[in-house]
Amino acid sequence: MNHIDRRSFLAAGAAAAAAASCTPLRATPAAGRQTTRTDADAATRPCVISSGNGMPAVTRAMEVLNGGESPTDAVVKGVVLVENDPDDMSVGYGGLPNEHGVVELDSSVMDGPMHKAGAVAALQNIKNPSRVALRVLRDTDHVMIVGEGALQFARAHGFQEENLLTPKARKAWLKWKRNLNPNDDWLDDAQRLIPAKAQSNSANDIPFTWGTIHCAAVDTNGDLSAVTTTSGLSYKLPGRVGDSPIVGAGMYVLNDVGAAGATGRGESVIQSCGAFQVAQNMANGDDPETACLKVLTWIADHTKRQDLLNANGQPNFEVTMYALRKDGAYGSATMHGPRKFAVHDGNEPRLLECARLFETMN
Ligand code: GLY
């Protein structure tokens, strides 16, 4: 395996808490990454973290926290900006659709002090699934509502229905469909009967994503919340649900410990209870970055299908984990990278390098 010094990562004392099956791996120290605030800062200032597409989210969430609202309101108001952005093809309005060209959205949100979550999955026609998930959290005894039931619930709460498939996402979907199978009745790009200058470059530029936005916040009381929201796997089977709306997979909060979340290949995150494991690792004493790396190690160790492994026996997909501890320490780690995550700890929003489990994808 072409991995990064599999010996020394778990040499620290905290490693003793690792699951027995964890294989030791080590992250590349990334320039400019800062994972821990000083004791003097801890819990005296709020902190917000997000995935790399979350600069607007951490900025808005920090404004909301500074305005005295709860971490739950802060994270949802933060990610709504990205859900509304037609250019982010991994989330909300403008997200890539399922194989039938229909945008289906997933989201979950968890309030640390109440230890209550809300989630929606396979929601159509509503561009802010995080806001619908928040209504599930606050207005029902349930945790998750899916599909047509989620749409009815959203309608009942006055959410506006609209077509979420932007022209850009529709074109991407049609290109994917055309190039799916050379033997079907759709002509691949190379076969199309249109002037050469109108051809796009190749089938390789079809956008594809497991992309998602995760956002977590801690306020000056040390109270935590987290949200994850996504359009999920591009061109998925209709009804496919990823990790983002699954409490304990795409997002989790233990208010006396920390918050955690995930982006990337949802099937692997669900089958590792990813966010729950990150939170438990922190509860067992791991710093946030180590807590994330251990879960990526766990995923690597439990990826058995050959089609999901590269020539070196490593997962051939991306998963990124995020962790925010109650004292404001934070960290993130990704399977291959390079990849960044967003942080706002009171001064200004910035992007930091995620730690990496493996140096390269191949
Ligand atoms: N992580 C997003 C998804 O797999 O749906």
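The numbered conditions (1) touching a Pro at 6+ places or on another chain (Cβ under 9 Å); (2) crowded, with 24+ Cβ neighbours inside 10 Å; (3) not in a strand (DSSP E or B) are all true for G95 except (1). When the stretch 49-64 is limited to residues that are among the aliphatic types (A, V, I, L, M) and farther than 16 Å from M110 by Cα, the one that is surrounded by the most Cβ atoms within 10 Å (Cβ to Cβ) turns out to be A57.
Could you tell me which of the residues L137, L151 is buried (at least 21 other Cβ atoms within 10 Å of the Cβ) and either part of a loop (DSSP other than H, G, I, E, B) or at pLDDT 90 or above (or both)?
Selected residue: L137, the only one of L137, L151 that is buried (at least 21 other Cβ atoms within 10 Å of the Cβ) and either part of a loop (DSSP other than H, G, I, E, B) or at pLDDT 90 or above (or both).
In the stretch 310-329, is there at least one residue being within 25 Å of M114 (Cβ to Cβ) and of a type in the set (K, R)? The answer is yes; a qualifying residue exists.
Any idea how many residues of the stretch 292-339 are assigned to a loop (DSSP other than H, G, I, E, B), of a type in the set (A, V, I, L, M) and either buried (at least 20 other Cβ atoms within 10 Å of the Cβ) or touching a helix residue (DSSP H, G or I) at 6+ places or on another chain (Cβ under 8 Å) (or both)? The qualifying residues number 2.
Pick from V58, V64: which is modelled with pLDDT of 50 or more, outside any loop (DSSP other than H, G, I, E, B), under 30 Å from I145 (Cα atoms) and touching a Ser or Thr at 6+ places or on another chain (Cβ under 6 Å)?
From the options V58, V64, the qualifying one is V58.
Within the stretch 217-247, the set of residues being surrounded by 24 or more Cβ atoms within 10 Å (Cβ to Cβ), more than 9 Å from the ligand (Cβ to nearest atom) and part of a strand (DSSP E or B) comprises A217, V218, L224, S225, A226, V227, T229.
Given the structure, is A275 within 17 Å of the chain's Cα centre (by Cα), in a helix (DSSP H, G or I) and within 12 Å of the ligand (Cβ to nearest atom)? Criteria met by A275.
Looking across L164, L123, one residue alone is touching a Gly at 6+ places or on another chain (Cβ under 9 Å), touching a residue at least 40 places away in the same chain (Cβ under 8 Å) and of a type outside the set (G, A, S). It is L164. Look at (1) in contact with a Gly (Cβ under 6 Å, 6 or more places away or on another chain); (2) in a loop (DSSP other than H, G, I, E, B) and you find that A342 fails only one, number (2). When the residues of the stretch 65-89 are filtered to those that are crowded, with 24+ Cβ neighbours inside 10 Å and within 16 Å of the ligand (Cβ to nearest atom), which remaining residue is farthest from N163 (Cα to Cα)? Top of the filtered list is V79.
Can you pull out every residue in the stretch 248-268 that is within 14 Å of the ligand (Cβ to nearest atom) and among the aliphatic types (A, V, I, L, M)? Listed by number, the residues that qualify are A249, M251, A260, A262.
Take T140 and tell me if it is free of Cβ contacts under 8 Å to residues at least 60 places away in the same chain and of a type in the set (V, I, T). Walk me through it before giving the result.
Numbers: free of Cβ contacts under 8 Å to residues at least 60 places away in the same chain: yes; of a type in the set (V, I, T): yes.
In short, yes.
Confirm whether V102 is of a type outside the set (K, R), surrounded by fewer than 23 Cβ atoms within 10 Å (Cβ to Cβ) and either part of a loop (DSSP other than H, G, I, E, B) or over 20 Å from the mean Cα position of the chain (by Cα) (or both). Spell out the reasoning first.
On the way: of a type outside the set (K, R): yes; surrounded by fewer than 23 Cβ atoms within 10 Å (Cβ to Cβ): yes; either part of a loop (DSSP other than H, G, I, E, B) or over 20 Å from the mean Cα position of the chain (by Cα) (or both): yes.
Judged against the criteria, V102 is a match.
Give all pairs with beta carbons closer than 6 Å in which a residue from the stretch 65-78 that is free of Cβ contacts under 8 Å to residues at least 24 places away in the same chain meets a residue that is of a type in the set (K, R) and buried (at least 22 other Cβ atoms within 10 Å of the Cβ); count only pairs at least 6 apart in sequence or on separate chains. Here the result reads K77/R60, each pair linking the stretch 65-78 to a residue that is of a type in the set (K, R) and buried (at least 22 other Cβ atoms within 10 Å of the Cβ).
The values are calculated or read from the model by the stated rules, or taken from the named source; none is laboratory data. Everything quoted here is computed from the prediction, not taken from an experiment. Heads up, the Cβs are rebuilt from the backbone with ideal geometry, glycines too, and the neighbour counts pull from every protein chain shown.
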